[in-house]
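A.B. asks: Starting off with a structure, shown below.
The values are calculated or read from the model by the stated rules, or taken from the named source; none is laboratory data. This one's a predicted model, so the numbers in the text were calculated from it and none came from an experiment. Note: ideal-geometry Cβ built from the backbone for every residue, glycine included; neighbour counts use all protein chains shown. Ligands, DNA and RNA are stripped out before the accessible areas are found, and what is left, the full protein with its side chains, is counted by its heavy atoms. Shrake-Rupley method; radii C 1.70, N 1.55, O 1.52, S 1.80 Å.
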Amino acid sequence: MNREKSRAAYEKACRLLPGGVNSPVRAFQSVGVPPVFVQRAKGSHVWDIDGNEYIDYIGSWGPMILGHSPDFLQEDALEAIGRGISYGLPTTLEVEMAELITSAYPAAEMVRMVNSGTEATMSAIRLARGYTGRDKFIKFEGCYHGHSDCLLVKSGSGTLTYGTPTSPGVPADVVKHTLVCRYNSLDSVEEAFAANPGQVAAVIVEPVAGNMGVVPSAPGFLQGLRDICTREGAVLIFDEVITGFRLAFGGASERYGVRPDLVCFGKIIGAGMPVGAYGGRRELMEYVSPAGPVYQAGTLSGNPLAMFMGLKQLRWLESHRQVYGQLEDSAAYLEQGIRAALGRLGLDFCVNRAGSLLSLFFTHGPVKSYDDVKRSNLEQFGRYFRALLEQGILAAPAQFEAMFVSAAHTREELDTTLAAMEAALAASREG
Ligand code: KE4
């Protein structure tokens, strides 16, 4: 494929933007090829500025559960812009969004809109600390909750890809209250609580880890966290920025039947606009300013245009619940096809899936933790990614990310993808 225009654009971008991008994972640095610059996207397809067409499994890292720019999302959008883009004053759109989220997610009796997943998790941690009067909190190795200081400890996503799970620039004093446990290990959580009696404000967890590649929570893990937090008087926070409205309309909480005390959202609720949210039990949320003393604010929080677009997507999902069965079928079909290809090629690699999230790990299974994920052969992954890209398939440009299947991916496109994946896996074996 000729990607000369993307290459030239990237060269210029690198003189003006750190790493040529506004978010590290977009730089494709770990897969040894310059990134593609997008011209447009529609449905399950993306076109780059050189005119190359791709079947897209990045989907803006989660928001595009229905594919890019479905027609219904475009309706009345100009009219919405014509009513003004931001007021800095309340609108009924924010109340409608809060009503929809709280009706979809019983654990969220109240909700606060913010502008990103990072803001949502950062605020949830602050709220838990303010409410309990405790400073420490537990996160898990390989889980990524955005880039706020106290959470950039042994995190996943780009920090894992670029080898900075604990980022420079974060003072030791800031992260001394961040306790890190092993994902899927209740023993490690019990140990952390025993070593810090009465000091742990919260446990924050991705109910399905999507930022070390996809690592589903083991049976009983989430319920175990629920029981421990209840016993210890700690706040259980589900980071559903990826899984919210994706694993089910009610997210992982609905799928696994476990209710957190606080929940964080992003991605899908904004339909691609910059939106995040956190919510939870009323007695907790009424601690948030101006109802309570825990301060949190945002100029563009609940932005009317973002609410307009996010509400459209959520209302479509609400009235088309059968889409979740379709997503499950498509992703299961892809998973089975990949397993069959691995068998034909004699490759002992691991496929993890949860709903429409899946990852192919370049290591043997099972892959159930950060330590397992780190066995992956990143060189071979890079060869595989590049071979896929040449065949017009855009997978996540890093081993430690997820593939996002959308409702727009047709069975024919899945078959095209599977053929390309098999060829790319074969090509990846040659060093
Ligand atoms: P944002 O601040 O990027 O909106 O959300 C942070 C965040 C919080 N929690 C979870 C579970 C997340 O996955 C994320 C962000 N996800 C990454 C992809 N793994 C965003 C992609 C990027 O960093 O560019």
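A.B. asks: Name the single residue, out of those in segment 265-288 being farther than 26 Å from residue 71 by Cα and open to solvent by less than 20 Å² (accessible area, probe 1.4 Å), that is nearest to the ligand (Cβ to nearest atom).
C.D. replies: Checked segment 265-288; the qualifying residue nearest to the ligand (Cβ to nearest atom) is 278.
A.B. asks: Something else now. What single numbered condition from (1) away from the ligand (no atom under 14 Å from the Cβ); (2) within 30 Å of residue 74 (Cβ to Cβ) fails to hold for residue 226?
C.D. replies: Against the list (1) away from the ligand (no atom under 14 Å from the Cβ); (2) within 30 Å of residue 74 (Cβ to Cβ), residue 226 comes up short only on (2).
A.B. asks: Condition first: β-branched (Val, Ile, Thr), within 22 Å of residue 175 (Cβ to Cβ) and more than 10 Å from the ligand (Cβ to nearest atom). Can you find one or more residues in segment 229-249 that meet it?
C.D. replies: Yes, some residue in segment 229-249 is β-branched (Val, Ile, Thr), within 22 Å of residue 175 (Cβ to Cβ) and more than 10 Å from the ligand (Cβ to nearest atom).
A.B. asks: Which ones in segment 240-254 are among the charged types (D, E, K, R) and open to solvent by less than 10 Å² (accessible area, probe 1.4 Å)?
C.D. replies: Restricting attention to segment 240-254, the residues satisfying the condition of being among the charged types (D, E, K, R) are 240, 246, 254.
Passing the criteria: 240, 246.
A.B. asks: Among the residues of segment 1-50 satisfying the criterion of being surrounded by fewer than 19 Cβ atoms within 10 Å (Cβ to Cβ) and β-branched (Val, Ile, Thr), which is farthest from the chain's Cα centre (by Cα)?
C.D. replies: Once the filter is applied, the top-ranked residue is 49.
A.B. asks: So, restricting to strands (runs of 3 or more DSSP E) that lie completely within segment 18-104, which ones have at least 1 residues that are hydroxyl-bearing (Ser, Thr, Tyr)?
C.D. replies: Filter on segment 18-104 gives 53-56.
A.B. asks: Suppose we filter segment 123-150 for residues that are within 9 Å of the ligand (Cβ to nearest atom) and surrounded by 23 or more Cβ atoms within 10 Å (Cβ to Cβ); how many remain?
C.D. replies: Within segment 123-150, residues that are within 9 Å of the ligand (Cβ to nearest atom) and surrounded by 23 or more Cβ atoms within 10 Å (Cβ to Cβ) number 3.
A.B. asks: Look through 208, 174 and report the one residue that is β-branched (Val, Ile, Thr), in contact with an Asp or Glu (Cβ under 8 Å, 6 or more places away or on another chain) and under 26 Å from residue 116 (Cβ atoms).
C.D. replies: When all the criteria are applied, what remains is 174.
A.B. asks: Which ones in segment 388-431 are in a helix (DSSP H, G or I), open to solvent by 10 Å² or more (accessible area, probe 1.4 Å) and touching a Leu at 6+ places or on another chain (Cβ under 8 Å)?
C.D. replies: The answer is 418, 422, 426.
A.B. asks: Cβ contacts < 6 Å: first residue free of Cβ contacts under 8 Å to residues at least 12 places away in the same chain and more than 19 Å from residue 118 (Cβ to Cβ), restricted to segment 11-40; second residue open to solvent by 100 Å² or more (accessible area, probe 1.4 Å) and not basic (Lys, Arg), any location; separation 6+ or different chain. Result?
C.D. replies: From segment 11-40, no pairs qualify.
A.B. asks: Next question. Can residue 20 be described as of a type outside the set (Ser, Thr, Tyr) and within 15 Å of the ligand (Cβ to nearest atom)?
C.D. replies: yes
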